[in-house]
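The values are calculated or read from the model by the stated rules, or taken from the named source; none is laboratory data. Keep in mind it's a predicted model, so treat the numbers as computed, not measured. We place every Cβ from the backbone using ideal geometry, glycine too, and count neighbours over all the protein chains shown. These area figures cover heavy atoms from the full protein model, side chains too; ligands, DNA and RNA do not enter into them. Shrake-Rupley method; radii C 1.70, N 1.55, O 1.52, S 1.80 Å.
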Amino acid sequence: MSAQKKDVVAVLRGVPVIPVLIFDDVETAVPTAKALVAGGLPVLEVTLRTPVARECVRRILAEVPDATVGVGTVLTPQQLKEAEADGVAFAVSPGATPRILDAADDSAVPLLPGVATVSEAMTLGERGYGMLKFFPAEANGGAPALRSYASPLPHLRFCPTGGVTLANAPSYLKLPNVVCVGGSWLTPADALKKGDWDAIRKLAEEASALKA
Ligand code: 3PG
């Protein structure tokens, strides 16, 4: 694998699943993070899709020391700057614009950029990225597509997300070029709404039993 400037593989390796979190209520952040960590999934991606996301990141960082907290849905250089100021461990973008990549060059936060095609993956490989998010995974051919990437792109590794579930995760995790998968299925909206942390912990336990 090529040398990624800021090694996101080191952060993500060792867990089969990264929960992709969308918080609407700041009060749900800490109990959700505690349930996921208790269920064996300590690496968390808090998406910057809601107004409370940054406060959720700060609270989890302050109150759940066993969690490794990253931000997701990074769309602007400003979001990357804020994530660095907050002290996150990694940042994820659904794509990879020149502005985001330039900002990542100047940031201490390891970036996991998104790709959906071979050419995009090659371009990021040329720029020093060895680990990429494959998004949206299922809509782009799923595990068969990523399996086809392995031979011509042996220097690249992937974290597929988008349509990944407990049922189809094993088809990705068994591929030689997949480090982990990401998904939002660990935190169903009704469980978050009801405060059913036990349900979230159980979903995390099932997922953490998958082979990384
Ligand atoms: C992401 O940002 O990775 C996706 O929103 C997660 O996709 P999913 O909701 O299909 O798991």
Rg (Å, one decimal) plus Dmax (Å, integer) for the alpha carbons of the chain? 16.0, 47
Report ³J(HN,Hα) in whole Hz for each residue of the stretch 92-104, in order, from the Karplus equation J = 6.51 cos²θ - 1.76 cosθ + 1.60 where θ = phi - 60°; Gly and Pro get x. 10, 10, x, x, 7, 7, x, 5, 5, 5, 5, 5, 5
Cα centroid separation, the stretch 155-212 to the stretch 16-94 (Å): 16
Work out how much length E126 to V30 would gain on full extension: take 0.36 nm times their residue separation and subtract the Cα-Cα distance, in nm to one decimal. 30.7 nm
Counting other Cβ atoms within 10 Å, keep those with at most 13, restrict to DSSP loop, and tell me which GluC sites (Glu not before Pro) in the stretch 63-100 are left. none
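Could you give the length gained by full extension between A150 and T97, i.e. 0.36 nm per residue of separation minus their alpha carbon distance, to one decimal place?
Full extension of this stretch gives 16.7 nm more.
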Go ahead and collect, in residue order, the members of the stretch 151-193 whose backbone nitrogen is under 15 Å from a label point 7 Å along the Cα-Cβ direction of V118. 151-156
Given backbone amide H placed at 1.01 Å from N, residues whose amide H is under 5 Å from that of V17, ignoring those fewer than 5 places away on the same chain, are V181
The chain, accessible surface, carbon-and-sulfur percent (1.4 angstrom probe): 55
